[in-house]
There are 10 protein chains.
Amino acid sequence: MLYMVEMDVNIPHDMPEEVANEIKKTEKAYSQELQRSGKWAYIWRVVGEYKNVSIFDVESNEELHTLLSGLPLFPYMDIKVTALCRHPSAI
Amino acid sequence: MLYMVEMDVNIPHDMPEEVANEIKKTEKAYSQELQRSGKWAYIWRVVGEYKNVSIFDVESNEELHTLLSGLPLFPYMDIKVTALCRHPSAI
Amino acid sequence: MLYMVEMDVNIPHDMPEEVANEIKKTEKAYSQELQRSGKWAYIWRVVGEYKNVSIFDVESNEELHTLLSGLPLFPYMDIKVTALCRHPSAI
Amino acid sequence: MLYMVEMDVNIPHDMPEEVANEIKKTEKAYSQELQRSGKWAYIWRVVGEYKNVSIFDVESNEELHTLLSGLPLFPYMDIKVTALCRHPSAI
Amino acid sequence: MLYMVEMDVNIPHDMPEEVANEIKKTEKAYSQELQRSGKWAYIWRVVGEYKNVSIFDVESNEELHTLLSGLPLFPYMDIKVTALCRHPSAI
Amino acid sequence: MLYMVEMDVNIPHDMPEEVANEIKKTEKAYSQELQRSGKWAYIWRVVGEYKNVSIFDVESNEELHTLLSGLPLFPYMDIKVTALCRHPSAI
Amino acid sequence: MLYMVEMDVNIPHDMPEEVANEIKKTEKAYSQELQRSGKWAYIWRVVGEYKNVSIFDVESNEELHTLLSGLPLFPYMDIKVTALCRHPSAI
Amino acid sequence: MLYMVEMDVNIPHDMPEEVANEIKKTEKAYSQELQRSGKWAYIWRVVGEYKNVSIFDVESNEELHTLLSGLPLFPYMDIKVTALCRHPSAI
Amino acid sequence: MLYMVEMDVNIPHDMPEEVANEIKKTEKAYSQELQRSGKWAYIWRVVGEYKNVSIFDVESNEELHTLLSGLPLFPYMDIKVTALCRHPSAI
Amino acid sequence: MLYMVEMDVNIPHDMPEEVANEIKKTEKAYSQELQRSGKWAYIWRVVGEYKNVSIFDVESNEELHTLLSGLPLFPYMDIKVTALCRHPSAI
């Protein structure tokens, strides 16, 4: 089941750089593990912003929330979820 | 080069049904030809709306505009284009 | 799987009253059948508006879109879907 | 009498974790007591957000405000209340 | 129980003047009857707009919706309802 | 002359509680004095929010600004003023 | 007493040109009479739009509404009123 | 003196095609004449929309409004003007 | 050449009062000097807000930006500029 | 390939002035180098704001993101990118 997930990252300016870097490193590993599993189907960077557009392919709303709320950057992101389905014109 | 394209369809209520059906039929053929060519990489329906989220993979801004403005439903759609690029965490 | 669905109805002022009444009658029957099946779990009227807030309990995004796009009033509604899941404090 | 209540939680990033945890623990107990009483009829998590959609069933506007303003997380939430009533198509 | 109700009137430009006048006349009578009953506690015109701000004093959400949806101008208004209660500083 | 005034209170989270309480106490006295004078005609709490809707009855725009900018909570409020007048249907 | 009034004109595309011209002619005469009286203190065109920004100098909210609702273009305008007063730095 | 001008075109769906084509032809000639004069310094199409972003180089606000309100498509466009000036980092 | 300038002041709550007072004092002197020169033609307070609406009469966009960016409160204001010109109905 | 880029700068008020100045100095050098290369085709200041409107002429979405995310002020800016292409009326 597919969902578009838009993630807008806002790291507080007063977070020490090494803390931020540690979180970003963990985030990257977390993201890549989910990509390898096929659940995080696509991730693209929005040009000019610290934001991504992603497609998730999961079993349920429940699973999607578990994955997203487990993101190391979750407390610093605005996330917008859009439920998708097959388009009648898709080949 | 990738772009997210969101297309929101608003067909006027007073358009005769056979005219609307003819346009939708042409639209579907046009869309599927572009999908087969690889330029219209993905198309998903937004659940509950007469709207799609698509990913285009084209050579240039110019080519994208030519493809979109050629859509039979173009005069009846609100279209929003977002330029995308590779995400540093993408595998 | 649960979804909040907000439906805002805008029937064009120039639709003949008997046409509108016929659509509303079919809509009511359609809605009540889905309610009886358990898929349209709740429906409430928003006070002062021609709008409802509903909770759907369906198998998938796909099924939800099929049900919503089949609504007789679908061409005359703005629909907003929000994916829900269990709240950790729910009893 | 029914109300939809949307609660969007924004805990300041500089709140010490043990303070935040203490507030969340009290919040959970407070919420569950109200759920058991039947006044907080439903609570759902919005997928991908630190936000819930709830349905309250109370005697009056007055009672709803008393319950909501007593929430331990009240100072850290954006709350939006929508008055609901029976839908004519509800079974 | 108190509610603020904001009513924004948009009569279609192609409605014949005598039809519009008839509706407005009925609306006025309907409004004044409710004002006399005490249920429509206050009504004020917003300066420069075809809009009013009103305070209703009714028994329930249900009653408020019945009154509002019975307004002769209801199909031509955007209505926004805000639930109110006693302010702790009110004398 | 009547005005609707909507006051949305946002006290900074790092203000010491005793400072906040002192301001709120002064605010309450200030508000009640104006209510007694008849200038602050009504004040209602918006359900679920730290916000009020008020009606002021004053001599002029000038006087209204003087009263509002003198509110002890003025630096911590978003205030929106709407000029009102008699509604032709008011009894 | 001063007010900023922003008037955004939207004449329906299907209004016959001679009807529109007649209304605009009456509007101009109405506006100039009010300007000569000093009540419509200033009127400026917003560059690139069919919109004006005006300053009115009137006795009361009541008088302002009477003047504005009497505008021949009133049914075709979105009007926004902002109450003004003397600025402490004004010379 | 420079201005960014964003023009969003909305031709009514019921305008006969030959009328629309005639207006667009006149618009093109009008635009190209202004481009040749140097006053309409740049014009770009926004990808995926019937909209342009332009830079005008004119003597005054007055002149810009005269040019824009003279556009054959002016009655069918939403126009937004932004005053620009030299950037301190411009070479 | 005329411009409407809307200035919304947001002084950070943690700025020491004597620093804020010093800036406001300099701001007032700066504003009054420009008013005396005729360049800051009008300044009005928006009722209930720490905001002003002003009219500037300057030679160019360039000059307006120089004046505005030199405001002592410039780093603490949201400023919106609207280019104005003569209205055809102005007397 | 052309893009409009709008950059809105928000430097935190608690950043030490010498740090801010150092970043701005590096930003200016970075910007001017890109301007000299032809990639940052135009940069204009928005009158009255700490914001610029720019036109970039680059090879790809990828290159644009690399240039923008390398801006020394990138962490302190809201950036909005709009893909542009040739306008059919451009001479």
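If you take the Cα atoms of chain H, find Rg, then find the Kirkwood Rh from the mean of 1/r over all pairs, what is Rg/Rh?
On the way: Rg = 14.1 Å, Rh = 14.1 Å.
When Rh is taken as the Kirkwood radius, the ratio is 1.00.
How large is ³J(HN,Hα), in whole Hz, for each residue of the stretch G:8-15 in order, when computed from phi with the Karplus curve 6.51 cos²θ - 1.76 cosθ + 1.60 and θ = phi - 60°, using x for Gly and Pro?
So the Karplus estimates, Gly and Pro as x, are 10, 8, 10, 7, x, 5, 8, 6 Hz.
Please report, for the Cα atoms of the protein assembly as shown, the Rg to one decimal and the Dmax as a whole number; what are they, in angstrom?
28.7, 76
Of the candidates H:Val46, H:Val19, H:Val58, which one comes out as most mobile in a Gaussian network treatment of chain H with C-alpha springs shorter than 10 Å?
The residue with the greatest mean-square fluctuation here is H:Val19.
Does the stretch J:10-55 come out rounded, prolate or oblate by the C-alpha gyration tensor, with a ≥ b ≥ c the root eigenvalues, rounded set by a/c under 1.5 and, if not, prolate when a/b is larger than b/c and oblate if not?
On the way: a/c = 3.80, a/b = 1.49, b/c = 2.56.
It is oblate, given that a/c is not under 1.5 and a/b is not larger than b/c.
Report the closest approach of any chain I C-beta to the axis of the I-to-J rotation: residue and distance, in whole angstrom.
I:Asp14, 7
Which of the residue pairs A:Lys28/C:Lys80; C:Lys51/F:Lys24; C:Lys39/E:Lys39; F:Lys80/I:Lys24; A:Lys51/J:Lys28 have a Cα-Cα distance greater than 27 Å in the structure shown?
Values: A:Lys28/C:Lys80 32 Å; C:Lys51/F:Lys24 39 Å; C:Lys39/E:Lys39 38 Å; F:Lys80/I:Lys24 23 Å; A:Lys51/J:Lys28 25 Å.
The answer is A:Lys28/C:Lys80; C:Lys51/F:Lys24; C:Lys39/E:Lys39.
Short version: ³J(HN,Hα) in whole Hz for each residue of the stretch C:49-55, in order, from phi by Karplus 6.51 cos²θ - 1.76 cosθ + 1.60 (θ = phi - 60°), x for Gly and Pro, what are they?
Rounded to whole hertz, the list is 10, 8, 8, 10, 10, 10, 10.
For the stretch I:2-83, what relative contact order do you get, as a whole percent, if you take Cα pairs closer than 8 Å and at least 6 residues apart? Before the final figure, lay out the partial values.
Details: 106 pairs, mean separation 42.7, N = 82.
After rounding, I find 52 percent.
Among residues other than A:Glu62 whose Cβ falls under 15 Å from its Cβ, what is the net charge (Lys/Arg +1, Asp/Glu -1)?
Details: positive: A:Lys39, C:Arg86, D:Arg45; negative: A:Asp57, A:Glu59, A:Glu63, C:Asp57, C:Glu59, D:Glu49.
Charge balance in the 15 Å sphere: -3.
Once you average over the residues of H:58-67, how many Cβ atoms of partner chains fall within 10 Å of each Cβ? List each step's numbers first, then the result.
Numbers: counts 0, 2, 7, 15, 8, 2, 4, 10, 2, 1.
The shielding value for this peptide is 5.
Given H placed on each backbone N at 1.01 Å, which residues far from G:Trp40 in sequence or on other chains put an amide H within less than 5 Å of it?
G:Gln35, G:Asp57
Where Lys and Arg each count +1 and Asp and Glu each count -1, what net charge lies around G:Val9 among other residues with Cβ under 10 Å from its Cβ?
-2
Taking K and R as +1 and D and E as -1, what net charge do the other residues with C-beta under 12 Å from the C-beta of J:Leu84 add up to? Write out the running numbers ahead of the final one.
Numbers: positive: H:Arg45, H:Lys51, J:Arg86; negative: B:Glu62, H:Glu6, H:Glu49, J:Asp57.
Within the 12 Å Cβ shell, the charges total -1.
Please list, in order along the stretch H:29-39, the HN-Hα scalar couplings obtained from phi with the Karplus expression 6.51 cos²θ - 1.76 cosθ + 1.60 (θ = phi - 60°), rounded to whole Hz, x for Gly and Pro.
Running phi through 6.51 cos²θ - 1.76 cosθ + 1.60 with θ = phi - 60° gives 4, 4, 5, 5, 5, 5, 5, 5, 6, x, 6 Hz.
Run through the stretch G:17-68 and list the GluC sites (Glu not before Pro) located in a DSSP loop whose Cβ has at most 15 other Cβ atoms within 10 Å. Please list the in-between numbers first.
Working: sites: G:Glu17, G:Glu18, G:Glu22, G:Glu27, G:Glu33, G:Glu49, G:Glu59, G:Glu62, G:Glu63; in loops: G:Glu49, G:Glu59.
Counting only loop positions with at most 15 other Cβ atoms within 10 Å, the GluC sites (Glu not before Pro) in the stretch G:17-68 are G:Glu59.
Coordinate-derived values only; no laboratory data. Quantities reported herein were computed from a predicted structural model and do not represent experimental measurements. No Cβ is skipped: glycine too gets one built from the backbone with ideal geometry, and neighbour counts run over all protein chains shown.
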